[in-house]
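Here's the structure, in structure tokens; my notes come after.
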Amino acid sequence: MTTPHSAPYGHRIAAGLLRELLVGYQITQALYVAARLHLADHLIQPVTIDALAKATGADHEALHFLVRALVGYGVLQRSGDLYVTTEVGRLLEKDRPDSLRPTVIATGKERYQSWGSLLQTVRSGRPVFSAQNGVALHDFYAEHPGAAAPFNGAMAALTNSMVDQLIGSYDFTRHSQVVEIGGGLGVFMAEILHRNPSLRGSILDLPHVVADAARALPPRILTDRLKLISGDARQSVPENADLYLIKMVLCDFPDDDALKILRSVRKAIPDEGTLVIFDKIRTEVYDDEVSRRTVMSALNLLVMTGGRERSEEEYRLLLAQAGFELTDVMRTEALDGEIHRVVAMPGEVAPLSSGE
Ligand SMILES: C[S@@+](CC[C@H](N)C(=O)[O-])C[C@H]1O[C@@H](n2cnc3c(N)ncnc32)[C@H](O)[C@@H]1O
């Protein structure tokens, strides 16, 4: 995609560009419906609209329009009366390990609904999700397993897509015991342990996620080398590991809760231990593709959780408040360089200020 403001287009092209940007909501829902109706699984082989309507139970005419729209956006392709998925569409198949179906479903449902009230977040600075649903996002998932599953699946697929670059960005061999905070379905930890046979690990996550991880992880992984622990990292985390990992979790929280998590880690970590955070780092550049995605993701966090994509300086300050010294920041190759690796060591523990 080109940068919208990068050229003097003239009115006709500028208006066309704006109209194209404006239909983003239609494309999101077209993909969501395709995912819900399992179109990609029905269209592995070329199929007529008649057969597709029968297989999905959808209205023939409306389905035909949807299918043609998806052809227009390169998700499906047509040959005579038959339709089949393209390489893009095949990513919506249910059972492939890199399936984006859970991501599309999580995006088209809760995110889509909350983004419909973006104005409220921009006016108030507060997450619209909790205002709409009466609970914070992760508490909502605890109460709604049907919504939690696509979210956890989406995070697992995202992690799968970057696991090589992340593991390649840090030397795990000098550690023996690692705890991952908010490790989701365990994709990252399972791969770290697989590649480092002398390492033992624990994953701490909320109870409903730990239950899903126990079902999702292959039994060969759940040996005495990997423990799943239910809990709230704002309260406490397992003690005495020499490496603590936090990947794409702190961004889900505003500073006060992120600080509680970091302070739990500071209490648990030995003096010679290491904390490694993998997350997006916000820069003040807005006009390249990567930073534009980071800014959109920052806005998404504000809408959904009240969390933050933080700058390097914001991480340094937050870590210092929790008693860590930030010692290294490196841009990894994950997500085209969006994900950074932050290393911190235990330092002076700052006294709590009143009210904390
Ligand atoms: C955005 S997901 C990231 C998952 C995983 N780290 C990854 O990168 O794929 C945030 C994770 O933090 C977990 N989480 C949220 N609040 C938590 C809390 N208070 N204590 C422990 N884990 C929490 C969520 O259940 C979820 O698995």
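The values are calculated or read from the model by the stated rules, or taken from the named source; none is laboratory data. Source: prediction; values computed, not measured. Cβ coordinates were reconstructed from backbone atoms using ideal geometry, including for glycine residues, and neighbour counts include every protein chain displayed. These accessible areas exclude ligands, DNA and RNA; they are computed on the full protein's heavy atoms, side chains included. Shrake-Rupley method; radii C 1.70, N 1.55, O 1.52, S 1.80 Å.
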Out of every Cα-Cα pair in segment 53-189, what percent are more than 19 Å apart? 67 percent
Counting pairs of alpha carbon atoms under 8 Å apart in space and at least six apart in sequence, what relative contact order in percent does the chain give? 13 percent
Please compute the Cα-Cα pair-distance distribution of the chain with 20 Å bins starting at 0, giving whole percents from short to long. 26, 55, 18, 1
Those residues of segment 256-278 whose amide nitrogen sits under 12 Å from the label point placed on GLU239, 7 Å along Cα→Cβ: 267-270
Between segment 55-72 and segment 165-232, the Cα center-to-center distance that results, in Å: 42 Å
Rounded to two decimals, what ratio of Rg to Rh does segment 181-245 give with C-alpha atoms and a Kirkwood Rh? 0.93
Å² of accessible area per residue within segment 11-95, as computed with a 1.4 Å probe and no ligands counted: 62 Å²
Segment 115-253 - accessible surface per residue (Å², probe 1.4 Å): 46 Å²
Using the Kirkwood radius over Cα pairs of segment 162-272, the Stokes-Einstein translational diffusion coefficient at 4 °C and 1.567 mPa s, in µm²/s and rounded to a whole number, is 91 µm²/s
How many Å³ per residue does the convex hull of the Cα positions in segment 248-329 occupy? 85 Å³
Heavy atoms of LEU70: accessible area, 1.4 Å probe, square angstrom to 10: 10 Å²
On the protein heavy atoms, probe 1.4 angstrom, tell me the percent of accessible surface of segment 11-95 carried by carbon and sulfur. 57 percent
What lysines does LYS54 reach when the alpha-carbon gap must be under 22 Å and sequence neighbours fewer than 8 apart in one chain are set aside? LYS94
In whole Hz, the Karplus estimates of ³J(HN,Hα) for segment 10-26 (6.51, -1.76, 1.60; θ = phi - 60°; x where Gly or Pro) are x, 4, 4, 6, 4, 5, x, 5, 4, 5, 5, 4, 5, 8, x, 5, 5
Whole number please: convex hull volume per residue, Cα atoms of segment 127-205, in Å³. 106 Å³
Return the calculated 222 nm mean residue ellipticity for the chain, to the nearest 500 deg cm²/dmol, obtained by summing -39500 (n - 2.57) across DSSP H runs with n ≥ 4 and dividing by the residue count. -13500 deg cm²/dmol
Of every hundred units of 1.4 Å-probe accessible area on segment 108-346, the number belonging to carbon and sulfur atoms, as a percent, is 52 percent
Once the Cβ-Cβ distance between ASP50 and VAL343 is put in as r, and R0 is 56 Å, what FRET efficiency do you end up with, to the nearest 0.05? 0.45
Percent of Cα-Cα pairs per 5 Å bin, from 0 to the last occupied bin, for segment 11-95, please list those. 3, 15, 26, 24, 14, 8, 6, 3, 1, 0
Using 7 Å Cα-to-Cβ label points, what is the ASP59/GLU313 separation (nm, one decimal)? 5.5 nm
What percent does the relative contact order of segment 1-142 come to when contacts are Cα pairs within less than 8 Å and at least six residues apart? 20 percent
